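Scroll down for the structure; my scribbles are underneath it.
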Amino acid sequence: MRHGIRFFTSITLVVMAAIAPARADTPVVVELFTSQGCSACPPADRLLSELAARDDVIALSFHVDYWDYLGWKDTLATPQSTQRQRTYAPRVNRELIGRKLRGSFTPEMVIEGTDSLIGSDREDVLARIAAHARVEDVAEVDLRREGDALVIELMPVGSGAAMANVRLVQFIPRAVVDIRRGENAGRTIVYTNVVTKITDVARWDGRAPQTVRVRNIDEPVAVLVQRGEAGSILAAAQID
């Protein structure tokens, strides 16, 4: 453990990215990469729960599986969440603890698909959320349910939007886990907005309004309009 975070460095990754436009009036997306087997993660899990209660934030928890070997298998982890973090690693800004970091670590918060921070560093996380909230909108997304269909309305704002993936993120609003082994043995931890599945449902050119309908999605979801596999998030919304 170094500086209150846990690193996973079996894959060396080069960090290179620039801050991209975010939005002023729609929620800022915060993704926490966490693990039940990481002793540094509970403070970040609590911070994410606080952020999830805010109207101006979409807070999502991605449980990774690469710490399972330490003695406790994360009951909420998915290979898809681990892969999403690894895809972010060479693309996000990681100016942490006065130097750039390489590889995957927990707890990591990725804000708006561009900024990587230590997930328990409240001051830095809140500052970056505020900074992104001040940037002008480039796109908007609206969600509603019509019968068994989830309707996604995409709208450009000005001329700043670009080609993007329309990404459906399914999540469990609350999970309580009694951890019996590993670094957090004996603790009961509450997890918020735990991601169970990510699906790309459309591509959007960013130039004209577009409507997407997805059927048989009953659980709470967030929709992220995101450049590439792990780029800047142009717009986002969630619905219970």
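The values are calculated or read from the model by the stated rules, or taken from the named source; none is laboratory data. Treat the numbers as computed from the prediction; the structure is a model and nothing was measured. Here Cβ is always computed from backbone atoms with ideal geometry, including for glycine, and neighbour counts include all displayed protein chains. What goes into the accessible areas is simple: the full protein's heavy atoms, side chains included, and nothing from ligands, DNA or RNA. Shrake-Rupley method; radii C 1.70, N 1.55, O 1.52, S 1.80 Å.
Please go through the range 104-141 and give me each residue that is within 17 Å of residue 231 (Cα to Cα) and either of a type in the set (Lys, Arg) or part of a loop (DSSP other than H, G, I, E, B) (or both), ordered by number.
Of everything in the range 104-141, those that are within 17 Å of residue 231 (Cα to Cα) and either of a type in the set (Lys, Arg) or part of a loop (DSSP other than H, G, I, E, B) (or both) turn out to be 112, 113, 114, 128, 135, 137, 138.
Scan the range 178-207 for residues that are farther than 14 Å from residue 72 by Cβ, open to solvent by 10 Å² or more (accessible area, probe 1.4 Å), at pLDDT 95 or above and not acidic (Asp, Glu) and report the count.
10
Does the range 59-74 contain any residue that is surrounded by fewer than 21 Cβ atoms within 10 Å (Cβ to Cβ) and within 15 Å of the chain's Cα centre (by Cα)?
For the range 59-74, residues surrounded by fewer than 21 Cβ atoms within 10 Å (Cβ to Cβ) and within 15 Å of the chain's Cα centre (by Cα): absent.
Run down 185, 161 and say which single residue is of a type in the set (Gly, Ala, Ser), touching a Gly at 6+ places or on another chain (Cβ under 9 Å) and under 18 Å from residue 36 (Cβ atoms).
185
If you check every pair at least six apart or on different chains, which have Cβ atoms under 6 Å apart with a residue in the range 162-182 that is touching a residue at least 40 places away in the same chain (Cβ under 8 Å) and on the phi > 0 side of the Ramachandran plot first and a residue that is open to solvent by 20 Å² or more (accessible area, probe 1.4 Å) and of a type outside the set (Phe, Trp, Tyr) second?
Filtered contacts from the range 162-182: 182/70; 182/71.
Just checking, how many residues over the range 151-166 are surrounded by fewer than 21 Cβ atoms within 10 Å (Cβ to Cβ) and either out of contact with any Asp or Glu (no Cβ under 9 Å at 6 or more places or on another chain) or under 9 Å from residue 205 (Cβ atoms) (or both)?
3
If we keep just the residues of the range 85-95 that are open to solvent by less than 10 Å² (accessible area, probe 1.4 Å) and either modelled with pLDDT under 85 or at positive phi (or both), which is farthest from the chain's Cα centre (by Cα)?
94
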